[in-house]
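Peer 1: Dropping a structure here in structure tokens format, bear with me for questions.
The values are calculated or read from the model by the stated rules, or taken from the named source; none is laboratory data. Quick caveat: nothing in here was measured; it's all calculated off a predicted structure. Using ideal geometry, Cβ is built from the backbone for each residue, glycine included, and neighbour counts are taken over all protein chains shown. Surface accessibility is based on the protein's heavy atoms, side chains included, excluding ligands, DNA and RNA. Shrake-Rupley method; radii C 1.70, N 1.55, O 1.52, S 1.80 Å.
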Amino acid sequence: MKVNMEEFRDKSSDELKAQLKEKKNELFNLRFQLAINQLANPNQIPETKKTIARIMTVLREKEIAAQKGDSVQ
């Protein structure tokens, strides 16, 4: 399930943090399934890692934008 970056940018920071926590939990479960040889599709792990990175990137963009907004005032 590929997600467009714009979909992440449209969400609030709180929504992104909740989704980040969910994806990290999902990654943990996928790694656990891999360790006990019950993972049907091993390609889910790198895709989940990429999604986590995308969420973290958007959160950082929002953090930088907030800092720039604060310094201007």
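Peer 1: How big, in percent, is the set of alpha carbon pairs in the chain lying more than 17 Å apart?
Peer 2: 50 percent
Peer 1: Determine ³J(HN,Hα), in whole Hz, for all residues of segment 40-52 in sequence, where each value follows from phi through the Karplus function 6.51 cos²θ - 1.76 cosθ + 1.60 and θ = phi - 60°; x replaces Gly and Pro.
Peer 2: Whole-Hz 3J(HN,Hα) from phi for segment 40-52: 6, 10, x, 6, 5, 5, x, 5, 5, 5, 5, 5, 4.
Peer 1: In what sequence, largest accessible area first, do 24, 62 appear using a 1.4 Å probe?
Peer 2: Descending accessible area places them as 24, 62.
Peer 1: Continuing with this model, one more query. Looking at 44, 20, 34, which one has the Cα that reaches farthest to the positive end of the dipole of the chain (charges on Cβ: Lys, Arg +1; Asp, Glu -1)?
Peer 2: The Cα lying farthest towards the positive end belongs to 34.
Peer 1: Further, regarding this structure: Using label points projected 7 Å from each Cα along Cα→Cβ, tell me how many nm separate residue 28 and residue 50, to one decimal.
Peer 2: Once both label points are built, they end up 2.5 nm from each other.
Peer 1: Apply the a/c threshold of 1.5 to the C-alpha gyration tensor of segment 1-41 and tell me whether it is rounded, prolate or oblate.
Peer 2: Details: a/c = 6.28, a/b = 2.17, b/c = 2.90.
It comes out oblate by the Cα gyration axes.
Peer 1: Just check segment 33-73 against the gyration tensor rule for me: Cα atoms, a ≥ b ≥ c as the square roots of the eigenvalues, rounded for a/c under 1.5, and otherwise prolate or oblate depending on whether a/b exceeds b/c. Could the numbers behind the result be given before it?
Peer 2: Numbers: a/c = 9.37, a/b = 5.25, b/c = 1.79.
In terms of gyration-tensor shape, prolate.
Peer 1: How high is the relative contact order of the chain, in percent, counting Cα pairs under 8 Å that sit 6 or more residues apart?
Peer 2: Relative contact order comes out at 42 percent.
Peer 1: Could you put 36, 55 in order of accessible surface area, largest first, with the 1.4 Å probe and the full protein assembly present?
Peer 2: Order by accessible area, largest first: 36, 55.
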